[in-house]
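J.: Pasting a structure below so you can have a look.
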């Protein structure tokens, strides 16, 4: 399975989690720092837009300059004007657009922009794949959904997460690593690397 397949799988997993999160659960806490389900959902939906723009080399929109920005984490209220009952629909449309862009192998060639920083496009694709699945787990774990990450995708996620783990902890957007058995499935190890407890329940 190649990178494009992993990207597409991660998009499917993320959109499934968003669809399974009812608006009446949006105020519930998520495992990701102090975020609520609503914030985690919005962040993931905006990530789809950011991925599309990175893949097409549109880059960072200057209109976002007033919003908080840390590496790989952009706090833009993407769904602010969308009624909550339509968040899943809006996120799904944006997810489809991102998946179409990254299905083209050329999306991973050369450099591109992510969050205002220039980096190899292949790295951006890997980061987005990892982020989509990790934040999908945040939404799923907070709302009582099960999330199944195929082994191959899990290996891709743990590789990407491990590669940016120290930067994430230094920047405060990864928590302290949660010990996970080396024999655990790859995705559980990835969650531990990012500071998530894979056995958390709502």
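The values are calculated or read from the model by the stated rules, or taken from the named source; none is laboratory data. Treat the numbers as computed from the prediction; the structure is a model and nothing was measured. Cβ sites come from the backbone with ideal geometry, for glycine too, and all protein chains shown count toward neighbours.
J.: Where in segment 78-184 are the helices (runs of 4 or more DSSP H), entirely inside, with at least 1 residues that are surrounded by 21 or more Cβ atoms within 10 Å (Cβ to Cβ), in contact with a strand residue (DSSP E or B) (Cβ under 6 Å, 6 or more places away or on another chain) and at pLDDT below 95? Break it down stepwise before answering.
T.: On the way: elements: 87-102, 121-142, 151-163, 165-171.
So the answer is 121-142.
J.: Note down all Cβ pairs under 9 Å where the first residue falls in segment 41-57 and is free of Cβ contacts under 8 Å to residues at least 60 places away in the same chain and at positive phi, the second is surrounded by fewer than 24 Cβ atoms within 10 Å (Cβ to Cβ) and assigned to a helix (DSSP H, G or I), and they're at least six residues apart or on different chains.
T.: 57/121
J.: Residue 44 - would you say it is in a helix (DSSP H, G or I), farther than 22 Å from residue 148 by Cα and either at pLDDT below 95 or under 17 Å from the mean Cα position of the chain (by Cα) (or both)?
T.: Details: in a helix (DSSP H, G or I): yes; farther than 22 Å from residue 148 by Cα: no; either at pLDDT below 95 or under 17 Å from the mean Cα position of the chain (by Cα) (or both): yes.
The answer is no for residue 44.
J.: Ok, one more. For segment 54-74, which residues satisfy the criterion of being modelled with pLDDT under 70 and surrounded by 15 or more Cβ atoms within 10 Å (Cβ to Cβ)? Walk me through it before giving the result.
T.: Taking segment 54-74 and keeping what is modelled with pLDDT under 70, we get 62-74.
Once the filter is applied, which keeps residues that are modelled with pLDDT under 70 and surrounded by 15 or more Cβ atoms within 10 Å (Cβ to Cβ), segment 54-74 yields 64, 69, 71, 72, 73, 74.
J.: Same structure, new question: Output the residues belonging to segment 14-35 that are in a helix (DSSP H, G or I), in contact (Cβ under 8 Å) with a residue 40 or more places away in the chain and surrounded by fewer than 20 Cβ atoms within 10 Å (Cβ to Cβ).
T.: Within segment 14-35, the subset in a helix (DSSP H, G or I) is 14-19, 23-25.
Next cut, in contact (Cβ under 8 Å) with a residue 40 or more places away in the chain only: 14-19, 23, 25.
Answer for segment 14-35, where residues must be in a helix (DSSP H, G or I), in contact (Cβ under 8 Å) with a residue 40 or more places away in the chain and surrounded by fewer than 20 Cβ atoms within 10 Å (Cβ to Cβ): 16, 19, 23, 25.
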